[in-house]
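Worksheet: the structure to be examined is printed underneath.
The values are calculated or read from the model by the stated rules, or taken from the named source; none is laboratory data. Note that this is a predicted model, so its numbers are computed, not measured. Heads up, the Cβs are rebuilt from the backbone with ideal geometry, glycines too, and the neighbour counts pull from every protein chain shown. Accessible surface is based on the protein model in full, side chains and every heavy atom, while ligands, DNA and RNA are left aside. Shrake-Rupley method; radii C 1.70, N 1.55, O 1.52, S 1.80 Å.
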Amino acid sequence: MTVGGAPGPLAKGRPAPRVLLVDLDDTLYRVHQVADVVRQRIQEYMVQKLGIPKDEVAAKTTEFYLAYGTTLAGLVASGYRIDYDDWHEFVHQGALDYDTLLQPDPSLRDILCSIDLPKYILTNANRVHTERVLARLGLSDCFQGRFYFENVMELAASHGFDVSHGVLCKPNPRIYQLVAEQLGVGLSDVIFFDDSVRNLASAHGLGTTTVLVGTDKVSPGVDLAIPTLHDLPTAMPELLDQPGLVHEHHTSHSGTQEQHTASLGLLAVPAALTGAPPGSRTSSGGISVTVSAS
């Protein structure tokens, strides 16, 4: 299997994957207006609420993004005190018209539901934005859980990360280590899908198989490149060898989808990963994650 001029990540000699980690924005979907609105709102926040001169915000946004992974992480590291809920409301859900900008994607839903592996969202965005995007795309029940800003920060704090003076986000290698630990797998057991080469290269350096979404051009630290996730059946047919199992497992008899949030200290990891009953406590203490009810 070759896509973008490089051997596919499931080539002979690679360990069989046990978990898929999937980024949210610009990976599950690509709508340029969303990125444009978010970028504009970030700059407006910096001017209106932090008092940064308007002629400096564009350069600072780029500087912080390159140095820290996100503008928010750079602002916090630079000493700005930010109410995280206020930030996300201003930048994401308070600014985006989800119903207009995003549309259901039934074909991607069929693809994801035909992959008989646990799938988790890993995004730097916040919970409300993550849930709204997934709901609008019609993909909420395709994932066994989500790792987003709030519960990643909870996880970071529980492992000694100083969240009062820093934000843990991609591409910091520690985020991948903590997520894999919570899921009870090694990083070599994971396939990670993201639109950022930098995010992927960081995970790749830890042994994770990486798939760049948004192009067919591979880069250092990327095992496979695909234009969109709709290309998965052709690019990675091994993942779809047992179609339908995840879909059947996560669709209730009535056809409705229920969501719940596990309390801190509990992690809904599929029993196939841990050998333990669903909902059992993990040795690492767990993290609050949103999961689909089975």
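Before moving on, here are some points about what is shown:
- Looking only at segment 198-218, and only at residues there that are closer than 19 Å to Asn124 by Cα and among the hydroxyl-bearing types (Ser, Thr, Tyr), the one that is surrounded by the most Cβ atoms within 10 Å (Cβ to Cβ): Thr210
- Across segment 95-118, the number of residues qualifying as under 17 Å from His129 (Cα atoms) and either out of contact with any Gly (no Cβ under 6 Å at 6 or more places or on another chain) or of a type in the set (Val, Ile, Thr) (or both) comes to 9.
Residue by residue, here is whether (1) polar (S, T, N, Q); (2) more than 21 Å from Leu200 (Cα to Cα); (3) in contact with a strand residue (DSSP E or B) (Cβ under 9 Å, 6 or more places away or on another chain) holds:
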site	(1), (2), (3)
Gln40	yes, yes, no
Pro53	no, yes, no
Glu63	no, no, no
Ser78	yes, yes, no
Ser107	yes, yes, no
Asp110	no, yes, no
Thr123	yes, no, yes
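For every residue, the table says whether it meets (1) touching a His at 6+ places or on another chain (Cβ under 9 Å); (2) of a type outside the set (Lys, Arg).
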site: Gly138; (1), (2): no, yes
site: Arg146; (1), (2): no, no
site: Phe149; (1), (2): yes, yes
site: Glu154; (1), (2): no, yes
site: Ala157; (1), (2): no, yes
site: Ser164; (1), (2): no, yes
site: Val167; (1), (2): no, yes
site: Lys170; (1), (2): no, no
site: Tyr176; (1), (2): no, yes
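- Pairing each residue of segment 182-204 that is over 20 Å from Ser219 (Cα atoms) and touching a residue at least 40 places away in the same chain (Cβ under 8 Å) with any residue that is among the hydrophobic types (A, V, I, L, M, F, W, C) and assigned to a helix (DSSP H, G or I), provided the two are 6+ apart or on different chains, yields C-beta distances under 6 Å for Gly184/Leu273.
- Residue satisfying condition, being of a type in the set (Gly, Ala, Ser), buried (at least 17 other Cβ atoms within 10 Å of the Cβ) and at pLDDT 95 or above, within set Ala268, Ala262, Ala180: Ala180
- Lone unmet requirement of (1) under 19 Å from the mean Cα position of the chain (by Cα); (2) surrounded by fewer than 20 Cβ atoms within 10 Å (Cβ to Cβ); (3) modelled with pLDDT under 50; (4) within 17 Å of Pro118 (Cα to Cα) for Asp189: (3)
- Among (1) small (Gly, Ala, Ser); (2) at pLDDT 95 or above; (3) open to solvent by less than 60 Å² (accessible area, probe 1.4 Å); (4) more than 14 Å from the chain's Cα centre (by Cα) - the single one Gly244 does not satisfy: (2)
- Search result, residues across segment 165-223 that are among the acidic types (Asp, Glu) and either more than 20 Å from Gly145 (Cβ to Cβ) or touching a Gly at 6+ places or on another chain (Cβ under 7 Å) (or both): Asp195, Asp216, Asp223
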